[in-house]
1. Might you let me know whether segment 47-61 holds any residue that is surrounded by fewer than 18 Cβ atoms within 10 Å (Cβ to Cβ), modelled with pLDDT of 85 or more and either of a type outside the set (A, V, I, L, M) or assigned to a loop (DSSP other than H, G, I, E, B) (or both)?
2. Out of the residues in segment 71-120 that are within 14 Å of the chain's Cα centre (by Cα) and acidic (Asp, Glu), which is surrounded by the most Cβ atoms within 10 Å (Cβ to Cβ)?
Amino acid sequence: MEWWQRYFTNYLNQAATNDTDGDGCNNLCEYTGDTHPTNGLSFFGLIQTIVSGSSIKQIGAGPSTTNTRIYDVYFSTNLLKHTWTPANLNVPGGLGGGELLLNVTSDAAFKFYRTAVKIP
């Protein structure tokens, strides 16, 4: 309730599926990312990366990030199956709101990675 009251004068008329600022992220997405739903420049940047080789990789999450959310990396070896497995890094966001670098180990010859934000 607090998030809705912070951003909307008439929050009772808002729906989770509305994209008030037209940035492609609806109100539910903005709430999950703890971003500003009426500012088109404020959204969690879902970063997707393709990595080949076996070593530790740094994958960026955000911007925007926040200390009220947890960030993770999900991976897949086959995009056609739409199956994503969490790396379970569960990295808390910092106070600055900038990009986080998440370290993952690539143990397969070829993986696809995406970042995610979660509510603790």
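The values are calculated or read from the model by the stated rules, or taken from the named source; none is laboratory data. Because the structure is predicted, anything quoted here is derived from the model rather than measured. Virtual Cβ from ideal backbone geometry, glycine too; neighbours counted across all protein chains shown.
1. no
2. That would be Asp72.
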